[in-house]
Amino acid sequence: MNTYIAKNTIDDYLADNELNARIYEVLLNFQDSETHCRNKLKKSPFEIFNQVYDICDELQKESHPEEKVPQIYDRLRANFLLCETNVVLSCVYVICFFSDLQNPNLHYSLNRIKQTIDKGYLKEFEQLINDELTRIATTTDCFENLKIEADKIPNLTQRKIFYANFLTHYKQTHNTPNIVQQISDEVDLIQLKIDCFSTPKHEKTSVETESVEVASAKVRSVVLMELLKELKISTANNDLSKICKLISFLIGSSYHNIYKDMKNGVNFSKIHIKHIDEVNQILISLNATFSIDMQKQY
């Protein structure tokens, strides 16, 4: 989906793309029935779609769309029933999830939106999401095909997000370990490139004339996490978001990426072996009480 322009009739929305037609089916179900988890809608599907497209357009134009989510929720609650607010945000989540992400930061708002929606409503869209992912994956059933499409995306952050969506799908299928590892390795390589571009160049001094290779963001993050644990600063008695903000500030990498990695658990791949070996040698020379385990999830 390239644009979020409001349409004049519900037929215009349905003709726009197949995803809208699937969402329309879910909306009709919301109008026709209710469960113990949700109520019937009073707004028409056309009114819902108009609101959804307005919000998508608003988020697309924001440099930090995730910060707009609370305001959007409050605005919806002032004009819509609670059930309708949840449905509108669910539709926004689905459309943004499958959009081509002209605004790379739009993806960061997805988790914020998801946390805002009552689970009973978003659950109604789960089958639609799974079906859409399966449909997309059938046209990219091997890593080579995926890479051909991904390499067409010049923006590295957008390319990483492209892979991340498929990675989620293939992990859910539980029967494609090879492509999962291939995608994971490719995402790690992209992140290394992003880190390389974002890491400031250090001026050489008369003492330091030897070029130093910078470890990947994952390795640096894990080392800092372990160092903080030595100082009794850990998630056991501190907010993970605050720890991730400190790490982001110190290593100069995206807070959102660091938080996502730390929340889901950091796994290393073969491209990290060299950096882990080097950092462990340094830690040994410092008589550190810990080392980084390549096989461990942090």
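Read-outs throughout are calculated quantities, based only on the coordinates presented, and are distinct from any laboratory measurement. Only a predicted model underlies this, so the values are computations on that prediction, with no experimental measurement involved. FYI the Cβ positions are ideal-geometry reconstructions off the backbone, even for glycines, and counts take in every protein chain you see.
Evaluating 6.51 cos²θ - 1.76 cosθ + 1.60 at θ = phi - 60° for every residue in the range 281-294, the Karplus couplings come out as 4, 5, 5, 4, 5, 8, 6, 5, 8, 9, 9, 9, 9, 4 Hz, glycine and proline recorded as x. Each residue of the range 48-59 was assigned a 3J(HN,Hα) from its phi angle through the Karplus expression (A = 6.51, B = -1.76, C = 1.60, θ = phi - 60°), giving 5, 4, 4, 5, 4, 5, 4, 5, 4, 5, 5, 5 Hz with x at Gly and Pro. Partners of Lys68 within straight-line reach, counting aspartates and glutamates whose Cα lies under 16 Å from its Cα and excluding those fewer than 8 residues away in the same chain: Asp54, Asp57, Glu58. Cross-link reach is defined here as a Cα-Cα straight distance under 24 Å, omitting same-chain residues fewer than 8 places apart; for Lys147 the lysines meeting it are Lys160, Lys171, Lys193, Lys218, Lys260, Lys270. Kindly flag which residue pairs out of Lys114/Lys296; Lys229/Lys263; Lys7/Lys119 have an alpha-carbon separation exceeding 20 Å in this structure. Beyond 20 Å between Cα atoms: Lys114/Lys296; Lys7/Lys119.
When Rg and the Kirkwood radius Rh are both evaluated on Cα atoms of the range 217-285, their ratio Rg/Rh stands at 0.96. The range 259-282 and the range 57-100 have Cα centres separated by 35 Å. Each of Leu224 and Thr289 was given a label point 7 Å from its Cα along the Cα-to-Cβ line. The distance between the two points is 2.2 nm. Within the range 64-80, find all residues whose amide N lies under 17 Å from a label point positioned 7 Å from the Cα of Glu47 along Cα-to-beta-carbon. Counting backbone N atoms under 17 Å from the label point, the list is 75-80.
Applied to the range 262-268, the Karplus parametrisation 6.51 cos²θ - 1.76 cosθ + 1.60 on θ = phi - 60° returns per-residue 3J(HN,Hα) values of 5, 6, 8, x, 8, 10, 9 Hz, with x for Gly and Pro.
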